[in-house]
């Protein structure tokens, strides 16, 4: 696993955008119109830039998978506010801002108020699934957690992913039926 910099933004954005095409939670956040693909890409680019600002964007050694995982509380800067404005304009849409802010308030309320690693995104290039990239990232992030002596927190809206995370030692500490289409599982690994 390698920590990446801004020059890798297109590569990481591409991997994560392709792997989140059908993710219910990511699709809920973005405005549903004829620009869904561009909006999903804008959401992922926002997440990658946020991860870069917080020193937490990684590629697997074979560059088939990417992850965003950084220490919380996250840094905020002028650039992070500009990034949020771009997120609203390019992904969420102004008409959905209040809905998304309410969602974010709920998420924040149900996360433990303690330092932790926020395992925000993990995805593999669909053309290279099964090459070991995700395993490489998992191993590296678990090592990072151990070095920093911090728990790892994540949320997932995909039942199959929840089952995989449970096999790797994560436990569900809260669930939220966010929509009729899916339930969001809040998970933690100490």
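The values are calculated or read from the model by the stated rules, or taken from the named source; none is laboratory data. All figures in this text were calculated on a predicted structure; none of them were measured in a lab. Note that we place each Cβ from the backbone using ideal geometry, even for glycine, and neighbour counts take in every protein chain shown.
Applying the set (1) under 27 Å from residue 151 (Cα atoms); (2) out of contact with any helix residue (DSSP H, G or I) (no Cβ under 6 Å at 6 or more places or on another chain) to residue 100 leaves exactly one unmet item: (2). Assess whether residue 160 counts as being at pLDDT below 95 and touching a strand residue (DSSP E or B) at 6+ places or on another chain (Cβ under 7 Å). In short, no. Taking the conditions (1) more than 16 Å from the chain's Cα centre (by Cα); (2) assigned to a strand (DSSP E or B) in turn, residue 131 satisfies each one other than (2). Elements of the type helices (runs of 4 or more DSSP H) sitting completely within the range 1-117 and holding at least 3 residues that are surrounded by fewer than 18 Cβ atoms within 10 Å (Cβ to Cβ) and over 15 Å from the mean Cα position of the chain (by Cα): these cover 36-53, 78-87, 97-109.
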